[in-house]
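The values are calculated or read from the model by the stated rules, or taken from the named source; none is laboratory data. The structure presented is a predicted model; accordingly, all values stated were derived computationally and were not measured. Cβ placement follows ideal geometry from the backbone for every residue including glycine, while neighbour counts extend to all protein chains displayed.
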Amino acid sequence: MNYYDLLPRPLSELLEEHPYIVDFLSSFGLEVEAGPTTLQGYLENLDLDLLEDLGVGAEQLQQSLHDFINGMLALDDPLDKVNSLTLIGGFDKSGTAENLELTLKPGEIICIVGPTGSGKSRLLADIEWVAQGDTPTGRKILINGEVPDSKWRFSTEHKLVAQLSQNMNFVMDLSAEEFVRMHAESRLVTEPEKKVEMILKQANELAGETFLPDTPVTSLSGGQSRALMIADMACLSKSPIVLIDEIENAGIDRKKALDLLMREEKIVLMATHDPILALMGDKRLVIKNGGIARIIEASDAERKNLIALEELDNQLLALRNRIRSGETLENI
Amino acid sequence: MRFLTVSGPPSSGKTSVILRVIEALQARQRKIGVVKFDCLLTEDDQLYAKKGVLVKKGLSGALCPDHYFVSNIEACVSWGHENDCEYLISESAGLCNRCSPHINEITAVCVIDNLSGINTPRKIGPMLKSADIVVITKGDIVSQAEREVFASRVKQVNPGAIIMNINGITGQGAFELTSLFEDASDIETLKGKTLRFSMPSALCSYCLGETRIGEEYQTGNIRKMDI
Ligand SMILES: Nc1nc2c(ncn2[C@@H]2O[C@H](COP(=O)(O)OP(=O)(O)OP(=O)(O)O)[C@@H](O)[C@H]2O)c(=O)[nH]1
Ligand SMILES: Nc1ncnc2c1ncn2[C@@H]1O[C@H](COP(=O)(O)OP(=O)(O)OP(=O)(O)O)[C@@H](O)[C@H]1O
Ligand SMILES: [Mg+2]
Ligand SMILES: [Mg+2]
Ligand SMILES: [Zn+2]
Ligand SMILES: [Zn+2]
């Protein structure tokens with residue numbers, strides 16, 4: 001189904017089935033009513049003077065509606081399956097070749113470690129851009145062993161990569177519920193109300209302190225907004241690759257967060273300095289001077305230590321909660 | 001010479017983004033010229049000059065800066081040519097939301113920022129709605145989800161455009177934008193080209209300098225509110 005299939009249909013049916021058309025037209029300042037008129041008839045009968053006033057030409061409006069409807073309909077298409085992501089090395093900041101080829105599969109968690117300014121974010125950006133030797137590092141990214149279609153770069157419907165970035169501020173004047181609903185509607189998910197409810201519930205399970213659906217997003221705490229964003233990503237994003245730029249030091253349950261994100265088989269790459277997160281990964285890429293200097297596979301000894309680290313972390317968490325509830329720490 | 005028009009609301013990050021692109025183009029040894037159009041005052045020309053690119057500045061004063069843009073841009077393009085620029089970039093601040101400098105067949109970029117509010121994309125006219133590339137800046141100040149919601153509002157009013165998030169300060173994403181600049185069409189002259197959208201007819205007595213208020217002073221293209 002595409003735009004041209006919708007043109008001869010009456011608005012009474014269309015607006016019911018594709019309510020986003022109303023929203024599209026109103027974003028251009030146009031009104032539309034359900035009735036026997038076809039979409040084509042509606043478009044052909046628009047007053048040209050009105051369009052001139054609204055700052056849009058009839059042809060451009062139709063082209064935009066065409067692109068918009070096709071984009072929305074494409075959300076329903078099945079995603080191309082990603083079975084592997086291959087990273088072909090480029091050069092570090094001094095121009096030394098990385099000489100490596102690394103293939104990642106769904107279900108794997110790869111940690112990216114390295115000092116400040118070493119190039120962790122650049123590596124994530126290379127993957128997001130599906131670099132083909134056209135970034136400062138000269139790296140190349142293959143999907144399923146092939147140079148991917150460049151549509152991945154700009155598609156907003158079928159994004160290859162979902163990002164979770166360091167910043168968790170909001171400036172929009174919306175409640176948590178309104179915000180998530182708007183996000184869900186832009187993704188055209190089925191049963192948006194259910195999704196919204198689920199996201200808010202999961203966010204509250206991740207966050208230390210709960211918030212209400214009508215809490216303005218601008219007044220969420222750091223941990224709460226981080227939790228909201230992780231739940232939002234887990235429920236709304238279909239992207240097969242997840243990039244996380246430093247998720248630590250936010251008051252959330254990191255393990256639960258990672259489990260939530262990994263519910264569907266995805267390839268997860270995570271820049272981190274957090275020892276627990278680093279040990280949860282299957283591999284660690286050590287970045288130095290802009291290049292991948294070493295690849296560390298998690299060993300059994302490390303995995304054992306992860307258990308000890310988690311215990312330590314829980315102890316600290318318990319102490320933090322005692323401080324929060326006003327207790328003293330004379331006996332620990 | 002490749003020519004691109006860059007426009008956007010005041011302080012949206014146009015100069016910052018252009019500067020980051022200039023850095024990436026200079027790394028590829030390209031010769032660049034920039035023309036800055038503004039209304040009353042601008043210091044952007046000095047920022048460009050500091051980068052070592054050729055700069056021309058035009059202040060429209062009492063005219064709509066976009067009207068001023070159309071009457072001068074052809075000469076600016078010739079100037080760029082004469083100076084052997086490989087790239088000419090025009091920066092103009094959209095002040096009336098209804099005029100737009102975008103020209104058919106010339107790559108048109110609109111810069112808008114994440115902080116401007118979710119309804120802003122709807123309020124901006126052809127400058128945003130007819131652009132080929134929409135650059136969204138200041139994403140560093142908001143969360144990923146908010147960036148996505150904002151981008152989806154932009155997508156709604158310009159679904160055909162390439163939408164990119166760029167950080168005007170660190171330049172994150174500018175490298176990628178530069179590849180799109182490299183794809184801009186090569187032109188000799190603007191002769192025969194047309195604006196993507198007509199500019200509003202401003203032809204009332206106030207356009208001509210009238211300051212007195214009252215029915216009897218209103219002549220020409222006048223329109224009344226329903227009250
Ligand atoms: N945090 C942040 N600030 C930015 C970003 N891009 C631009 N700015 C800041 O926003 C302010 C305005 O940026 P300019 O590049 O001068 O904006 P402009 O659109 O050229 O402004 P005019 O030419 O005056 O209309 C400056 O203080 C920039 O440093 C960004 O991505 N993030
Ligand atoms: N191989 C490379 N060649 C050239 N430049 C590079 C290379 N790798 C990284 N850079 C550049 O180095 C700078 C710092 O890199 P980046 O921001 O990725 O560091 P980071 O590890 O994420 O730092 P932080 O821990 O502070 O977030 C960036 O401008 C990036 O483009
Ligand atoms: Mg970083
Ligand atoms: Mg400027
Ligand atoms: Zn104007
Ligand atoms: Zn007037």
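Details
- Strands (runs of 3 or more DSSP E) contained in segment A:239-332 and holding at least 3 residues modelled with pLDDT of 90 or more and loosely packed, with under 15 Cβ neighbours inside 10 Å: A:291-297
- Residue that is within 13 Å of ligand 4 (Cβ to nearest atom) and either more than 22 Å from B:Asp186 (Cα to Cα) or away from chain A (no Cβ under 14 Å) (or both), where the choices are B:Gly94, B:Gly80, B:Gly33: B:Gly94
- Residue in segment B:129-143 that is farther than 20 Å from A:Asp23 by Cα, within 16 Å of ligand 1 (Cβ to nearest atom) and touching a Lys or Arg at 6+ places or on another chain (Cβ under 8 Å) present: yes
- Of all residues making up segment A:41-77, the number that are in a loop (DSSP other than H, G, I, E, B), under 18 Å from B:Ser152 (Cβ atoms) and either facing chain B (nearest Cβ under 10 Å) or of a type in the set (Lys, Arg) (or both): 0
- Complete set of residues in segment B:142-172 that are within 19 Å of the chain's Cα centre (by Cα) and assigned to a loop (DSSP other than H, G, I, E, B): B:Asn158, B:Pro159, B:Gly160, B:Ala161, B:Ile166, B:Asn167, B:Gly168, B:Ile169, B:Gly171
- Segment B:170-186 - residue that is within 12 Å of B:Phe3 (Cα to Cα) and surrounded by 20 or more Cβ atoms within 10 Å (Cβ to Cβ) and, of those, nearest to the other protein chains (Cβ to nearest Cβ): B:Phe181
- Enumeration of residues in segment B:140-152 that are more than 7 Å from every other protein chain (Cβ to nearest Cβ) and surrounded by fewer than 21 Cβ atoms within 10 Å (Cβ to Cβ): B:Arg147
- Filtered residues of segment A:92-133 (kept if acidic (Asp, Glu) and surrounded by fewer than 19 Cβ atoms within 10 Å (Cβ to Cβ)): A:Glu101, A:Glu108
- Among the conditions (1) within 20 Å of B:Pro126 (Cα to Cα); (2) in contact (Cβ under 8 Å) with a residue 40 or more places away in the chain; (3) loosely packed, with under 15 Cβ neighbours inside 10 Å, B:Ser71 misses just one, which is (2).
- Neighbours by Cβ (under 7 Å, 6+ apart or cross-chain): first from segment B:152-170, of a type in the set (Ser, Thr, Tyr); second away from ligand 5 (no atom under 16 Å from the Cβ): B:Ser152/A:Ser186
- Matching residues in segment A:5-24 - criterion: being within 14 Å of another protein chain (Cβ to nearest Cβ), hydrophobic (A, V, I, L, M, F, W, C) and free of Cβ contacts under 8 Å to residues at least 40 places away in the same chain: A:Val22
- Counting only strands (runs of 3 or more DSSP E) that sit wholly inside segment A:106-194, those with at least 1 residues that are under 24 Å from B:Val21 (Cβ atoms) are A:140-143, A:161-164.
- Selected residue (only one of A:Asn99, A:Asn144, A:Asn167 is more than 16 Å from ligand 6 (Cβ to nearest atom) and in contact with a helix residue (DSSP H, G or I) (Cβ under 9 Å, 6 or more places away or on another chain)): A:Asn167
- Pair list, Cβ under 6 Å, 6 or more apart: segment A:73-86 residue polar (S, T, N, Q), other residue surrounded by 15 or more Cβ atoms within 10 Å (Cβ to Cβ): A:Thr86/A:Leu142
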